[in-house]
1. Got a number for the accessible area of K43? Probe 1.4 Å, square angstrom, nearest 10.
2. Please list, in order, the residues from segment 86-124 whose amide nitrogen is less than 19 Å from a point placed 7 Å along the Cα→Cβ vector of H80.
3. Tell me, what HN-Hα J-couplings in whole Hz come from the Karplus equation 6.51 cos²θ - 1.76 cosθ + 1.60 at θ = phi - 60° for each residue of segment 55-60, using x for Gly and Pro?
4. Please calculate how many Å² of accessible area segment 1-158 carries per residue, with a 1.4 Å probe and no DNA, RNA or ligand atoms counted.
5. Report the accessible area of E123, computed with a 1.4 Å probe over the heavy atoms of all protein chains in place, in Å² rounded to the nearest 10.
6. Under 20 Å Cα to Cα from K81, which aspartates and glutamates show up? Leave out anything in the same chain fewer than 8 places away.
7. Over the alpha-carbon set of segment 1-146, divide Rg by the Kirkwood Rh and report the Rg/Rh ratio to two decimals.
8. Can you give the FRET efficiency for S31 and E11, using 1/(1 + (r/R0)^6), R0 = 45 Å, r = Cβ-Cβ distance, to the nearest 0.05?
Amino acid sequence: MPSGGQMSVSEWEARAHGVRATLSRMRGVSSSVLDILSSMDAKFGELEATMRPIQSRTQALTRVHDNLEAACQVAGDILHKFDKPQQLRPKLERGLGATPTPASLRAYLARVAELQEAIAYLETIQHFQSAEAVLRDARALLAICTQHLEEAFRAELQSPRLEEELLSSQRRAQGAGGRGGGEHVLAGDAAAPGGGGG
């Protein structure tokens, strides 16, 4: 090496040769990486082409699944309406009993309302052959309910308790005095004494 720390020409040449060798290796590595990336890109393209029909079938199956779920929901609602009259039948056929309470009457009327709702729905799907028989039985059950309610109403009209309540109401109205309370008095006793004069 020459004095003053300067490199000789041979040393510069050696370094340049080393740099060229390094650059050559880097070009080789870059070329290999590009080849790998190109190969992977081609494989990804093939994979996408392979997956496309699978994705289409998956989407089709998803739509079929959603349609089946919707159909099952509708079928479940229909079956629920079909079963409702039979579910209500035992309690409705039993009637209100000899002395129905206000609570039992409200419960019975609520069940009758459920039956009427089921009948209204069944009437909209009468084109189903099986719905005709269920609808016929439901209407027959509703007729039984009507009969039970009429019997309970007649029994209530004939009960001594109702007469006592009417008499008590009449006494309260008479005790109030004046014509203001007269509207609560039974028609047979509403006329004031001497009211026949003209």
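The values are calculated or read from the model by the stated rules, or taken from the named source; none is laboratory data. Just so it is clear, the model here is predicted, and its values are computed rather than measured. No Cβ is skipped: glycine too gets one built from the backbone with ideal geometry, and neighbour counts run over all protein chains shown. Keep in mind that these areas ignore ligands, DNA and RNA; they rest on the heavy atoms of the full protein, side chains included. Shrake-Rupley method; radii C 1.70, N 1.55, O 1.52, S 1.80 Å.
1. 130
2. Output list for this probe position: 86-89, 110-124.
3. Each residue's phi maps through the Karplus curve to give 5, 4, 5, 5, 5, 5 Hz.
4. 75
5. For E123, solvent-accessible area is about 80 Å².
6. Output for K81: E69, E93, E114, E117, E123, E132, D137.
7. That ratio is 1.80, to two decimals.
8. After rounding, the FRET efficiency stands at 0.90.
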